[in-house]
1. Can you tell me which residue within segment A:86-120, out of those that are of a type in the set (D, E) and part of a loop (DSSP other than H, G, I, E, B), is surrounded by the most Cβ atoms within 10 Å (Cβ to Cβ)?
2. Being of a type in the set (D, E, K, R), within 15 Å of B:M131 (Cβ to Cβ) and surrounded by 14 or more Cβ atoms within 10 Å (Cβ to Cβ) is the requirement here; does B:D20 meet it?
3. Looking only at segment B:215-225, how many residues end up being in a helix (DSSP H, G or I) and surrounded by 24 or more Cβ atoms within 10 Å (Cβ to Cβ)?
4. Can you tell me which residue in segment B:313-340 is nearest to B:C430 (Cα to Cα), limited to those that are within 14 Å of chain A (Cβ to nearest Cβ) and hydroxyl-bearing (S, T, Y)?
5. Taking the options B:N81, B:N85, B:N93, name whichever one is under 30 Å from B:G486 (Cα atoms), touching a residue at least 12 places away in the same chain (Cβ under 8 Å) and in contact with a Gly (Cβ under 7 Å, 6 or more places away or on another chain).
6. Looking only at strands (runs of 3 or more DSSP E) that fall completely inside segment C:18-89, which ones have 3 or more residues that are over 22 Å from B:F305 (Cα atoms) and within 13 Å of chain B (Cβ to nearest Cβ)?
7. When residues of segment B:62-86 are filtered for being out of contact with any helix residue (DSSP H, G or I) (no Cβ under 8 Å at 6 or more places or on another chain) and part of a loop (DSSP other than H, G, I, E, B), how many remain?
8. Can you tell me which residue within segment B:299-312, out of those that are touching a residue at least 24 places away in the same chain (Cβ under 8 Å) and surrounded by fewer than 19 Cβ atoms within 10 Å (Cβ to Cβ), is nearest to the other protein chains (Cβ to nearest Cβ)?
Amino acid sequence: MSVVAITPDYKFEAKDRFENFHGNQIVYVGWDHHLMFCSAFAYPVPPATTFKELRDGVMQEAFEMHPEYSKVNWETATWLLDNKPFEPQLDKSLQEQGIGHKSLLRFQTPELKGYKNAGV
Amino acid sequence: MVAKKLNLKDKYRALTRDLDWDYDYSDRKKAFPYEEFEGIKITDWSKWEDPFRLTMDAYWKYQAEKEKKLYAIFDAFSQNNGHLNVTDARYVNAIKVFLTGVSPLEYQAFQGYAHVGRQFGGAGARVACQMQSIDELRHVQTQVHAMSHYNKFFDGFQDWTHMHDRVWYLSVPKSFFDDARSAGPFEFLIAISFSFEYVLTNLLFVPFMSGAAHNGDMATCTFGFSAQSDEARHMTLGLEIIKFLLEQHEDNVPIVQKWIDKWFWRGTRLLAIVAMMMDYMLPNKVMSWKEAWEVYFEDAGGALFKDLARYGIRMPKFVETTAKEKEHISHQAWWIFYTHGHAAGFHTWIPSDEELDWLSEKYPDTFDKYYRPRWELAKEMEARGERFYTKALPQLCTTCQIPMGFTEMDNPTQIAYRSSDYEGEKYHFCSDGCKHIFDQEPEKYVQSWLPVHQIYQGNCGGANVEEVLRDYYKMNLGEDNMDFKGSSDEKRWNEWKRKGVA
Amino acid sequence: MSKVYLALQDNDDSRYIVEAIIEDNQEATVINQPAMIRIESTGELVVRRSTVEEKIGRDWDVQELHLSLITLGGNVDEDEDQLRLSWNV
């Protein structure tokens with residue numbers, strides 16, 4: 001389907017294309033079943049950022065506010081990249097492992113049920 | 001011989017249709033260049049019937065009378081320090097949301113109807129749009145006048161037009177209307193006159209305004225009901241437009257249905273803000289959002305769609321999702337704002353114990369299970385002196401632009417994630433409805449001005465959130481934002497009450 | 001049959017209009033809410049000029065209803081003698 005427009009060739013460049021972010025790409029990160037954070041976070045990071053830098057550096061400040069975050073066992077936590085199972089490689093860059101501009105990363109920690117076991 | 005007074009029907013005919021003229025020396029298509037490109041087929045404009053048969057002379061007469069009554073009340077309200085009679089200073093924050101989020105839409109509606117009113121070949125439609133355009137201008141003016149009284153005493157009212165154009169959460173209502181106004185004239189009418197005015201605005205103007213009255217806010221209740229007295233006419237116009245289009249040509253039916261599907265969903269997302277105003281921002285409650293949804297959408301809208309079934313129109317797509325969302329949407333929306341209270345131009349707060357109990361009672365299947373724990377965590381943190389403000393920027397839905405905080409309705413502890421790929425770019429959505437809208441017209445929504453991305457692209461002034469809020473949004477930091485507890489609004493309110501100024 | 005409804009501001013004029021509606025529509029239900037009065041009825045609702053005039057004790061133009069009307073639901077048919085709300089199903 002497409003827009004029914006009075007202008008012939010109704011076409012615009014995507015406002016959020018990679019080139020507009022001054023060398024950064026956007027990565028979204030969400031923690032499933034932990035709704036203390038109302039939504040996934042949006043991070044602008046260089047594509048050369050390693051997964052380790054993302055996880056232990058970038059993500060730390062916002063996620064550590066959750067009472068369960070320090071209990072997360074990264075050995076057993078599972079990940080989805082753009083809704084498909086994903087095994088992150090800590091020392092490789094985002095770009096090298098297919099985490100693209102506006103990719104969504106979700107992690108799951110089934111043993112942690114959220115604040116008061118309520119998914120919060 | 002004295003001429004017999006014209007009856008209503010003849011008068012309407014004389015003062016609308018008879019003002020029209022034929023185009024004998026010019027091309028009619030050139031005079032109305034936007035009338036055909038959307039694919040809508042009009043075979044006979046004379047079939048357009050305004051059931052109220054309101055003519056311009058009667059319009060001015062009644063509008064003038066409404067206006068006189070309204071301003072008499074504004075004067076009385078202000079002369080009697082009406083702001084001191086509201087239930088609680090927290091309530092005033094709902095009015096801040098209204099001024100920055102809704103009143104500018106009235107102005108957009110004024111511009112929109114002025115524009116489409118010029119574009120229709122039928123005189124009846126042109127006159128109806130002209131009246132509605134003037135009505136909408138009146139609404140923004142009366143709302144600004146009513147709320148200017150609050151601006152003298154409370155924070156957050158000072159820069160509403162500027163904020164509407166820039167602030168992150170106000171991009172939700174702004175982009176809604178930008179979307180409608182950048183569509184063709186018939187889609188605009190279905191979007192605003194039908195889906196918005198007829199199907200949805202009752203939820204904003206009727207139970208919420210009744211709530212304003214119930215919270216001692218005479219000024220807001222009065223401008224709301226005065227505006228709504230025009231809306232009753234707009235609603236009738238909305239119903240008339242849809243019947244007219246459906247009767248004109250069967251080819252119009254699928255086009256109209258597609259627009260109903262789109263604008264119903266766009267509208268329900270916009271109303272998430274009203275839902276939270278109803279459930280969380282009115283200290284004295286009238287009805288819950290869920291109850292309001294049942295009365296004003298499920299019953300009233302249900303009757304409407306049953307009536308339209310004979311034209312081959314069905315209920316809007318995703319209506320079954322809204323039946324589940326009514327249990328959740330207000331709680332999820334208020335949590336988004338509470339956790340972003342540092343970045344909002346109004347105050348947020350944890351509901352009082354009585355309010356939490358009221359919510360449990362009104363939402364027996366969902367509140368204690370899913371939402372009360374969030375407030376218990378918030379309370380715990382507040383008690384430690386660490387009022388919870390989230391520290392990173394949220395992912396936004398490309399279509400509705402709301403932070404992606406809405407959940408799967410059958411799995412309410414899991415955020416709903418939807419996405420589409422279009423020409424090599426990824427796009428994210430909060431719901432099937434928002435994804436569907438994007439997929440229908442991706443060329444339009446690739447242009448979404450998403451506030452979080454705009455900040456990261458460096459288009460919002462500052463290098464950090466504080467600079468964006470202060471310099472680009474022009475929020476008065478430390479006054480307009482943060483929790484109600486400890487705010488200047490709260491301090492002044494307590495001072496007035498202590499001194500017994502009231 | 002679906003319900004039609006209208007809501008009026010709770011003011012002096014509306015009181016008489018509501019009285020007239022109740023008299024002309026035996027089925028109608030009146031619901032009082034803060035600052036407003038909601039009247040609903042199955043299938044149809046009529047506001048008749050003659051009845052309102054009788055209650056209010058003066059000439060009353062059906063279009064004066066706009067001064068107090070907050071909202072309505074149903075197909076509208078109005079002329080100088082009445083306003084009728086109805087659903088076809």
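The values are calculated or read from the model by the stated rules, or taken from the named source; none is laboratory data. Just so you know, these numbers come straight off a predicted model, no measurement behind them. Please note: Cβ atoms are built from the backbone with ideal geometry, for glycine as well, and neighbour counts cover all protein chains shown.
1. In this case the residue turns out to be A:E111.
2. So B:D20 fails the test.
3. 7
4. Top of the filtered list is B:S330.
5. Step by step, each of B:N81, B:N85, B:N93 is checked, and only B:N85 is under 30 Å from B:G486 (Cα atoms), touching a residue at least 12 places away in the same chain (Cβ under 8 Å) and in contact with a Gly (Cβ under 7 Å, 6 or more places away or on another chain).
6. Numbers: elements: C:29-33, C:36-42, C:44-48, C:69-73, C:75-78, C:82-86.
Output list reads C:29-33.
7. Residues flagged as out of contact with any helix residue (DSSP H, G or I) (no Cβ under 8 Å at 6 or more places or on another chain) and part of a loop (DSSP other than H, G, I, E, B) within segment B:62-86 amount to 2.
8. Taking segment B:299-312 first, the residues touching a residue at least 24 places away in the same chain (Cβ under 8 Å) are B:300-301, B:304, B:308, B:311-312.
If we keep only those that are surrounded by fewer than 19 Cβ atoms within 10 Å (Cβ to Cβ) too, we end up with B:311-312.
On the way: B:Y311: 11, B:G312: 14 Å.
Only one residue fits best here, namely B:Y311.
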